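Rule-based calculations on the coordinates, nothing more; no lab input. Here the structure is a predicted model, which is why all the values come from computation and not from measurement. Here the Cβ is made from the backbone with ideal geometry for all residues, glycine too, and neighbour counts use every protein chain on show.
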Amino acid sequence: MYNQPSYAPPAGMGRTLTMDDVVMKGFIVLGTLMASAGVAWIMEVPMGIAVVALIAALILGLVITFKQSTNPALILAYAVLEGVALAGISLIFAARFGNGLVLQAIVGTMMAVLGVLAVYALNIFRPTPKFAKFVIGAAIGAIGLILVNMLVGIWVPGGLGLRSGGALAIVFSAAMILLGMFFLLLDFDEINHAVQAGAPERTSWLLVFGLMLSIVWIYLEVLRLLSYFSGDD
């Protein structure tokens, strides 16, 4: 993804992709994610189940990504698992900082998504191949820093301080939110290119899967950033 592959459909592959297809699949996939998260939230899903769902979602997400699968069953299954995992994570933050924090994170995520959509729709900025390489490189570097922070945290409390709630943690989470918004910008651009290139209609499932990953990324980082400004009482 994000390298603008050839979307030209082989002969006899049925109708081509339209923006309506992406919007419809977006409602289905994101609706499934939110419904799953909502049910798990109401049922106060046990942390053990949330962890299992998170691991299963990670494995399934890697399968979908590396196979570039357009199978709707796999993508909807991922949405369900991710919804349960997000509910479990959100419950942890809510137990410590109050339910209001989760609502603020949801609103903040929606504002971020709408902001990026406006930037792209109004043609304020359009990603270039160089920009895409920068974003992917930054993501690899960020993931590497997170892993190092976790490793150092085994011996040093707080690790490098990337998630400890201090000034560095605030800056890092803000950067991660910005990076997630950059990925969202790439997602919108990829959707536009796929529609213009006449990609097969089934491609809409994979495109919406990419959108879902970016939105989940933004939500988790917004949730974490807001927690740094909330009291523990």
With springs only between Cα atoms under 10 Å, which of A57, A40, A121 fluctuates most in a Gaussian network model of the chain?
A121
How high is the FRET efficiency between A118 and V156 when r is their beta carbon distance and R₀ equals 45 Å, given to the nearest 0.05?
0.60
Max mean-square fluctuation residue, GNM over the chain, Cα-Cα springs under 10 Å, options I218, I143, I170
I143
Can you give me the P(r) profile for the chain? Cα pairs, bins 5 angstrom wide beginning at 0, each as a whole percent.
1, 6, 12, 17, 20, 18, 13, 7, 4, 2, 1, 0, 0
Tell me, in nm to one decimal, what length is gained between I92 and A77 on full extension, where the rule is 0.36 nm per residue of separation less the Cα-Cα distance?
3.1 nm
Only Cα pairs within less than 10 Å get springs; with that Gaussian network setup on the chain, which residue of L74, L184, L223 has the largest fluctuation?
L74
List the DSSP H helices in the chain whose Cα atoms stretch 18 Å or more along the helix axis and whose mean Kyte-Doolittle hydropathy is at least 1.6.
47-67, 72-97, 99-121, 129-152
Distance (nanometres) between label positions extended 7 Å along Cα→Cβ at M19 and M110:
2.2 nm
Helix-derived mean residue ellipticity, 222 nm - over the chain, DSSP H n ≥ 4, -39500 (n - 2.57), to 500:
-26500 deg cm²/dmol
